[in-house]
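Here's the structure we're looking at; comments come further down.
The values are calculated or read from the model by the stated rules, or taken from the named source; none is laboratory data. All values reported here derive from a predicted model rather than from experimental measurement. Here the Cβ is made from the backbone with ideal geometry for all residues, glycine too, and neighbour counts use every protein chain on show. The area values use the complete protein model at the heavy-atom level, side chains included, leaving out ligands, DNA and RNA. Shrake-Rupley method; radii C 1.70, N 1.55, O 1.52, S 1.80 Å.
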Amino acid sequence: MLGSRLKIPQLSTGDLLRAAVRGGSELGRDARKYMDAGKPVPDDLVIQLILSRMQQKDCENGFILDGFPRTVPQADALDKAFKVKRIKIDAVISFEIEEHELLDRLTGRRVCPNGHGEWHIQFHQPSNPGFCDVCHAPLIQREDDTEQKIRVRLSAYRKDTEPLKKFYADLKLLRPVQADGPMPAVMQLIETTVKELS
Ligand code: AMP
């Protein structure tokens, strides 16, 4: 929603990795075993993927990074690349939400197998329940959206990603957003945050 409002692309490392898995590249094959287990993909693979995506023309006027950086070494690599390119980070948004709410959202998520988007069995149904609004393919549950794998992902978050909040707070870039409300309410909070930047 923010990407279409600002007319800039959203670069999601999760989406890029899933596309690499679908495409059957070597990187995709390497990444798959980590992703299916709910574990973080090694830093060097993710950094290589995102830095090359940022070179594309549609990123010239800015972009939103989604799910990256997730570790301090990734944040350091990003910082280095941005210094060379003289790119400045405007803000780092941290979505604040209780774990039980997160579990409901992730276990109920259903995605298009062709990468057209994601829905929820309760909170965000497609017009024809169970089928993609774009290509009409039957929606599927992501391998890593089971409760057991979500718990693995949450523990990786606590260990490797949460320390980034201090990293970006020290740089005065962190903007926490309360994310437990419905989508339009969360979007409103993000818009307010973004407006305050200009
Ligand atoms: P996501 O779509 O952001 O939930 O990511 C799905 C999976 O892709 C994660 O559980 C990781 O296995 C992998 N992944 C995505 N982004 C990263 C990242 N920045 N660093 C390491 N692994 C990642």
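Screening the candidates THR13, THR71, THR107 for the property of being among the β-branched types (Val, Ile, Thr), within 16 Å of the ligand (Cβ to nearest atom) and assigned by TED's automatic domain parsing to the domain that holds GLN141 yields one hit, THR107. Each residue in the range 20-39 was checked for being closer than 23 Å to LEU154 by Cα and either in the same structural domain as PRO184 (by TED's automatic domain parsing) or open to solvent by less than 70 Å² (accessible area, probe 1.4 Å) (or both), and 8 pass.
Of the residues making up the range 88-111, those that are part of a loop (DSSP other than H, G, I, E, B) and within 16 Å of the chain's Cα centre (by Cα) are ALA91, ILE97. Look at the range 6-32: where a residue is free of Cβ contacts under 8 Å to residues at least 12 places away in the same chain and a partner is among the hydrophobic types (A, V, I, L, M, F, W, C), sitting 6+ places away or on another chain with Cβ atoms under 6 Å, you get GLY28/ALA20; GLY28/VAL21; ARG32/VAL21. Kindly list, by first and then second residue, each pair from a residue in the range 33-46 that is farther than 11 Å from THR71 by Cα and outside any loop (DSSP other than H, G, I, E, B) to a residue that is charged (D, E, K, R) and within 6 Å of the ligand (Cβ to nearest atom), limited to pairs with Cβ atoms under 7 Å and residues at least 6 apart or on different chains. As it stands, the answer is MET35/ASP144; ASP36/ASP144, since those pairs meet every condition given. The residue of the range 185-198 that is farthest from GLU99 (Cα to Cα), among those that are modelled with pLDDT under 95 and open to solvent by 60 Å² or more (accessible area, probe 1.4 Å), is SER198. Within the range 123-135, being over 12 Å from ARG110 (Cα atoms) and open to solvent by less than 50 Å² (accessible area, probe 1.4 Å) holds for one residue alone: CYS135. Residues that are within 9 Å of the ligand (Cβ to nearest atom) and either in the same structural domain as ARG158 (by TED's automatic domain parsing) or in contact with a strand residue (DSSP E or B) (Cβ under 8 Å, 6 or more places away or on another chain) (or both) do occur in the range 49-59.
THR71 meets the conditions (1) modelled with pLDDT of 95 or more; (2) more than 18 Å from the chain's Cα centre (by Cα); (3) not hydrophobic (A, V, I, L, M, F, W, C) in every case but one. The failed one is (2).
Looking only at the range 136-179, residues that are in a loop (DSSP other than H, G, I, E, B) and surrounded by fewer than 17 Cβ atoms within 10 Å (Cβ to Cβ) come to 9 in all.
Restricting the range 47-87 to residues that are closer than 28 Å to GLN148 by Cα and not in a helix (DSSP H, G or I) leaves a set whose member that is most open to solvent (accessible area, probe 1.4 Å) is ARG70.
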